[in-house]
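Written out below as structure tokens is the structure these notes cover.
The values are calculated or read from the model by the stated rules, or taken from the named source; none is laboratory data. Only a predicted model underlies this, so the values are computations on that prediction, with no experimental measurement involved. Glycine also receives a Cβ, built like all others from the backbone with ideal geometry; neighbour counts cover every protein chain displayed. Accessible surface is based on the protein model in full, side chains and every heavy atom, while ligands, DNA and RNA are left aside. Shrake-Rupley method; radii C 1.70, N 1.55, O 1.52, S 1.80 Å.
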Amino acid sequence: MKIAALDLGSNSFLCLIAEGDSSGIKKVLQDVSRIVKLGQELEKNGELHPEALARARLALSDFKKVINQHSPDRIQAVATAAVREAKNKQVFFDLLAEFDIPVQILSGPEEADISFKGAFSDKSAVITGNQILIDIGGGSTEIVWGQNGGIKWAQSFPIGVVKLTERFIHQQPFDISKSVQINKFLDQIFDEQLSALHQKVEDPTLCAVGGTATTLAGVILGGYDPVKVDGFNLTKEHFEKWIKLFASTSIEEKKDKYQVGPRAEVILAGCFLLEYLRKYFGRDQVKVSIRGVRYGLALQLLKHPGS
């Protein structure tokens with residue numbers, strides 16, 4: 001069976017074309033992404049911005065061409081925080097209808113669940129012990145506690161790279177001394193619920209999905225190679241070095257000198273978020289997974305082909 005699984009996030013849109021059956025994904029045919037920044041000014045206006053919707057239209061047009069090339073048996077898109085929160089979400093539904101792409105809004109817990117299943121979808125990996133999955137998006141961050149591959153606890157938090165950038169990082173280079181304010185704000189977002197989780201979970205392995213983790217790993221490796229990025233360990237030394245470098249450079253320098261690409265505007269916010277959570281859980285490193293919501297959705301479509 002061939003499927004198209006689309007993750008329409010608050011910062012990036014992703015489209016996975018894969019083949020498989022009820023036992024899982026057998027072959028990835030194409031995996032494409034576009035930076036859309038759908039959550040642009042959403043906190044301020046409560047609505048999807050016309051510019052963001054225009055970028056969404058371009059990305060969906062590109063995806064539709066890819067989908068048509070492969071003629072999948074099932075097509076399904078899921079939308080996350082930006083669409084969950086937008087007062088004018090019907091405009092987004094109408095846009096998807098133009099491209100004949102069915103879409104479902106994931107609740108926060110559903111997003112956390114499907115992201116975890118996608119991140120740990122590699123059948124070759126034996127999953128034991130405690131895992132904490134961190135999925136940093138544009139408008140929300142999902143944190144999931146898994147034990148031996150099964151989900152024990154999941155929560156979505158209303159902060160992501162677009163929101164954090166718009167709230168605190170108004171110009172780049174950025175005065176890194178202001179990171180104190182960012183960390184105090186993140187305490188307000190995370191601490192109440194994560195403190196109880198932290199006390200329950202012994203020696204977890206931290207795993208991160210999403211553009212922050214994969215982009216940072218690609219920069220460190222000298223270029224994005226999915227084979228090398230998947231499973232790469234981001235260490236506390238990496239975070240210390242790259243947060244300083246990203247804070248001291250302009251958006252254009254991040255693109256030109258460090259090859260960050262279209263995530264250059266939000267990579268610093270993402271690193272602040274990921275480093276905050278690494279330190280919170282007291283781990284020395286975070287393992288990167290290139291899989292996430294789209295892989296979890298693909299597994300769902302393959303296991304339940306008639307639903």
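For ILE151, are the conditions met, namely being over 18 Å from VAL83 (Cα atoms) and at pLDDT 95 or above? Give the steps one after another, and end with the answer.
Details: over 18 Å from VAL83 (Cα atoms): yes; at pLDDT 95 or above: no.
Here the answer is no, as ILE151 does not meet what is asked.
So which residues in the range 155-192 are part of a helix (DSSP H, G or I), touching a strand residue (DSSP E or B) at 6+ places or on another chain (Cβ under 9 Å) and open to solvent by 20 Å² or more (accessible area, probe 1.4 Å), if there are any at all?
The one that is part of a helix (DSSP H, G or I), touching a strand residue (DSSP E or B) at 6+ places or on another chain (Cβ under 9 Å) and open to solvent by 20 Å² or more (accessible area, probe 1.4 Å): ILE189.
Before we move on, is SER33 within 19 Å of HIS304 (Cα to Cα) and open to solvent by 30 Å² or more (accessible area, probe 1.4 Å)?
Numbers: within 19 Å of HIS304 (Cα to Cα): no; open to solvent by 30 Å² or more (accessible area, probe 1.4 Å): yes.
The answer is no for SER33.
Please name all residue pairs, on different chains or six or more residues apart, with Cβ atoms under 6 Å, provided the first residue is in the range 94-122 and is within 13 Å of GLU142 (Cα to Cα) and the second residue is open to solvent by 50 Å² or more (accessible area, probe 1.4 Å) and not aromatic (Phe, Trp, Tyr).
Correct list of pairs: PHE116/ILE151.
So, in the range 126-154, exactly how many residues are among the hydroxyl-bearing types (Ser, Thr, Tyr) and open to solvent by less than 20 Å² (accessible area, probe 1.4 Å)?
Our first condition is that a residue be among the hydroxyl-bearing types (Ser, Thr, Tyr); within the range 126-154, this holds for 128, 140-141.
Imposing the further condition that a residue be open to solvent by less than 20 Å² (accessible area, probe 1.4 Å) reduces the set to 140-141.
Total satisfying the criteria: 2.
Going through the range 78-106 one residue at a time, which ones are of a type in the set (Gly, Ala, Ser) and surrounded by 12 or more Cβ atoms within 10 Å (Cβ to Cβ)? Write out each step before concluding.
Here is the first cut: in the range 78-106, the ones of a type in the set (Gly, Ala, Ser) are 79, 81-82, 86, 97.
The answer is ALA79, ALA81, ALA82, ALA86.
Please tell me if VAL286 is within 14 Å of LEU133 (Cα to Cα), surrounded by 13 or more Cβ atoms within 10 Å (Cβ to Cβ) and touching a Leu at 6+ places or on another chain (Cβ under 8 Å).
yes
Which of (1) touching a residue at least 24 places away in the same chain (Cβ under 8 Å); (2) within 19 Å of the chain's Cα centre (by Cα); (3) over 26 Å from ASP175 (Cα atoms); (4) open to solvent by 40 Å² or more (accessible area, probe 1.4 Å) does ARG294 not meet, given it meets every other one?
(4)
Residues in the range 66-77: is at least one open to solvent by less than 10 Å² (accessible area, probe 1.4 Å) and farther than 30 Å from LYS152 by Cβ?
Start the filter on the range 66-77 by keeping residues that are open to solvent by less than 10 Å² (accessible area, probe 1.4 Å), which leaves 67, 77.
Of the ones still in play, those that are also farther than 30 Å from LYS152 by Cβ are 67.
Checked against the condition, which is being open to solvent by less than 10 Å² (accessible area, probe 1.4 Å) and farther than 30 Å from LYS152 by Cβ, the range 66-77 yields at least one hit.
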